[in-house]
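Novice: Got a structure for you, questions after.
Bear in mind these aren't lab numbers, they're just calculated from the coordinates by the rules spelled out. In this text, all values refer to a predicted model and were calculated from it rather than measured experimentally. All Cβ positions, even for glycine, are placed from backbone atoms using ideal geometry, and neighbour counts span all protein chains on display.
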Amino acid sequence: MSTNNFFAKKKDWSKTKDSILGSYLTPYFYKLLAYHRPICYIDCFAGKGKFDDGENGSPLIALECIKKDLTVSKYVKKQIKAYFIELNHFKDLENNLIVDNIDDLSIEVVGGRFEDNIDLILNNHPFDTVFLYVDPYGIKALDVKKFCSFKTNETKSVEMLINFNTWGFFREACRVLKVDFKLDDAINEYLVEYEPANDINRDELTRIAGGDFWIKIVQDFKNQLISSKEAEKLLADGISDAFKSKYKYVLNVPVRSNQDNIIPKYRLFHLTNHDEGCLIMADIMYKRINESIERQQGGQMSIFEFNTEGNLESQENTKQMIKDIFPSSSICLTPFLCEFFTKFGIETGSSKLIEYIKELEYEGFLKISRFPDKTTKGQESTFMREDKKHKVILNKAV
Ligand SMILES: C[S@@+](CC[C@H](N)C(=O)[O-])C[C@H]1O[C@@H](n2cnc3c(N)ncnc32)[C@H](O)[C@@H]1O
């Protein structure tokens, strides 16, 4: 076990995760500040703040985003409270978080376990918009049932970004069910820095995954009905389904290393009940995962486009998927796109999906109407992005 080395140098595979977090938080905080609602940001496994090679860890990445947004935000009533929970390195973290005083932001380092502190923190913010970043060493502290119990209602909204070590889970699930399985070396390289979980039992695995669906997956793998790669994907789908019992929109992407791009090291799950946030996150995930595929190919742009699972995207299939989930009653564009991503994964970015939707109108499958339907110059509106003043409504063609 070499978790002690984790902070020596930021690993290549951590960079994708960090860039997804950093790219999302800037538009996230900016939008929320506009709603004048108090914001609570919680980094639940915060680490040291800085890696020994000088690279910023997640706490400093988040603080930079907050600082940028508070500086440019023109809205007067602002209030952000940021918590950084860390069990082992909280002294280092406190030292690394000595940043310039930022008006409207208060920071608290919580030295202790996430499990012992999270309820108290959430109870102290009953009306806030809350974002939790969950990046633990292994799977022990993950708890899908618990994550689904965080209260989201009219006045409070909880959104999460979770690093879920699905391969670590699969390895332990095989051990518990006494199924032979040897991890690929490329994944092992990633898992060595993670906390071993070889004392975890069947009930704990069910708690972690949010259900006992994992048992059949491992049995199917044992009976050679599925490969380990398929098993990992099914596991991710099962975890997503468990999250969907509480969160309207659930995204997950496999994060690969730049060196060997074949097998994902871990998965990032994003959970929210807000379509705007889901759409922003889906586009960021799509872009960042594709950049990592490109980097792996030595910076060469591929003539093919891949979905975030690393499979070729096909226009015909994607259009069929749109048809498959198209509702019989009208729906606005943004929630429709988010439902697509939640159901099928990030097949392609939102711009391309929107192009397909326009093609489906041309082909007579659906109808697009807009509010307002005319521009200020009296011309037909053609916009395909929504905001407070613009709505795009989709209907099945009759
Ligand atoms: C993967 S690292 C987090 C890295 C961090 N996100 C970053 O970008 O720098 C996980 C951290 O969780 C801490 N930790 C382990 N168990 C914990 C627990 N139960 N509660 C809170 N922190 C914990 C570890 O000390 C470690 O610093």
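Novice: With n ≥ 4 as the cut-off for DSSP H runs, can you work out [θ] at 222 nm for the chain, using -39500 (n - 2.57) per run divided by the number of residues, rounded to the nearest 500? Write out the running numbers ahead of the final one.
Specialist: Working: 14 runs with 171 residues, N = 398.
Dividing the helical sum by the residues of the chain leaves -13500 deg cm²/dmol.
Novice: Sorted by average packing, counted as other Cβ atoms within 10 angstrom per residue and highest first, what order do 377-386, 314-323 take? Mind dumping the intermediate values first?
Specialist: Working: 377-386: 11.2, 314-323: 14.2.
Descending packing order for the listed peptides: 314-323, 377-386.
Novice: What full-extension length gain, to one decimal in nm, is calculated for Asn88 and Lys31 as 0.36 nm per residue of separation minus the Cα-Cα distance? Working shown, then result.
Specialist: Values: separation 57, 0.36 × 57 = 20.52 nm, distance 3.35 nm.
Result for the pair: 17.2 nm of gain on full extension.
Novice: Report, in debye and to the nearest 20, how large the dipole of the chain comes out about its Cα centre when Lys and Arg carry +1 and Asp and Glu carry -1 on their Cβ.
Specialist: Numbers: 55 positive and 60 negative charges, 201 e Å.
Here the chain has a charge dipole of around 960 debye.
Novice: Which residue, Thr348, Thr206, Thr308, tops the fluctuation ranking in a GNM of the chain built on C-alpha contacts under 10 Å?
Specialist: Thr206
Novice: Which of Leu337, Leu225 comes first, and how do the rest follow, when ranked by fewest Cβ neighbours within 10 Å? Each step should come with its number before you reach the end.
Specialist: Values: Leu337 23, Leu225 12.
By the 10 Å Cβ count, ascending: Leu225, Leu337.
Novice: Full extension from Ser245 to Asp203: what is 0.36 nm times the residue separation minus their Cα-Cα distance, to one decimal in nm?
Specialist: My answer for the length gained is 13.1 nm.
Novice: Would you work out which of Pro59, Cys44, Phe147 lies farthest towards the positive end of the dipole of the stretch 1-148? Charges go on Cβ: Lys and Arg +1, Asp and Glu -1.
Specialist: Of the candidates, Phe147 comes out farthest on the positive side.
Novice: Which whole-number percentage describes the relative contact order of the stretch 1-127, with Cα contacts under 8 Å and a sequence gap of 6 or more? Could you put the intermediate results ahead of the total?
Specialist: Working: 172 pairs, mean separation 34.0, N = 127.
Relative contact order for the stretch 1-127 comes out at 27 percent.
Novice: Taking only C-alpha pairs under 8 Å that are 6+ residues apart, what is the relative contact order of the chain in percent? Please list the in-between numbers first.
Specialist: Values: 634 pairs, mean separation 53.1, N = 398.
RCO, the chain: 13 percent.
Novice: Determine, for Thr334, Thr71, the number of other Cβ atoms within 10 Å of each Cβ, and report the residues in order from fewest to most. Present the calculation step by step, with values, prior to reporting the outcome.
Specialist: Values: Thr334 19, Thr71 9.
Exposure proxy ranking, most exposed first: Thr71, Thr334.
Novice: Using alpha carbon coordinates only, what is the Rg to Rh ratio of the stretch 315-396, with Rh defined as the Kirkwood radius?
Specialist: On the way: Rg = 12.7 Å, Rh = 13.2 Å.
My calculation puts Rg/Rh at 0.97.
Novice: Based on a Kirkwood Rh over C-alpha pairs, give the Stokes-Einstein translational diffusion coefficient of the chain at 20 °C and viscosity 1.002 mPa s in µm²/s. Present the calculation step by step, with values, prior to reporting the outcome.
Specialist: Details: Rh = 22.4 Å.
Rounded, D is 96 µm²/s.
Novice: Label-point separation (nm) for Asp104 and Asn153, each offset 7 Å from Cα along Cα-to-Cβ?
Specialist: Here the modelled spin labels are 2.8 nm apart.
Novice: Set the bar at 28 Å for Cα to Cα. Now go through Lys11/Lys67; Lys146/Lys287; Lys10/Lys233; Lys68/Lys352 and name every pair that lies beyond it.
Specialist: On the way: Lys11/Lys67 26 Å; Lys146/Lys287 30 Å; Lys10/Lys233 26 Å; Lys68/Lys352 30 Å.
In this structure, Lys146/Lys287; Lys68/Lys352 exceed 28 Å between Cα atoms.
Novice: Next question. How big is the convex hull of the Cα atoms of the stretch 45-113, per residue, in Å³?
Specialist: Values: hull volume 5.4 nm³, N = 69.
Measuring per residue, one finds 79 Å³ for the Cα hull of the stretch 45-113.
Novice: Between Ser314 and Val398, what is the FRET efficiency for a Förster distance of 30 Å, r being their Cβ-Cβ separation, to the nearest 0.05? Please report the intermediate quantities before stating the final value.
Specialist: Numbers: r = 29 Å, r/R0 = 0.95.
Computed FRET efficiency for Ser314 and Val398 comes out at 0.55.
Novice: Related question: So for the stretch 1-125, what are the equivalent ellipsoid semi-axes in whole Å, largest first, each being the square root of 5 times an eigenvalue of the Cα gyration tensor? Can you show the working numbers first?
Specialist: Details: eigenvalues 125, 61, 32 Å².
Square roots of five times the eigenvalues give 25, 17, 13 Å.
Novice: To continue, here is another question. Express as a percent, rounded to the nearest 5, the fraction of DSSP beta bridges in the stretch 3-296 (both residues included) that run antiparallel.
Specialist: On the way: 13 of 36 bridges.
Antiparallel bridges: around 35 percent, rounded to the nearest 5.
Novice: Would you mind calculating the gained length between Ala8 and Lys389 on full extension (0.36 nm times residue separation, minus the Cα-Cα distance), in nm to one decimal? List each step's numbers first, then the result.
Specialist: Details: separation 381, 0.36 × 381 = 137.16 nm, distance 4.88 nm.
Fully extending the segment from Ala8 to Lys389 adds 132.3 nm.
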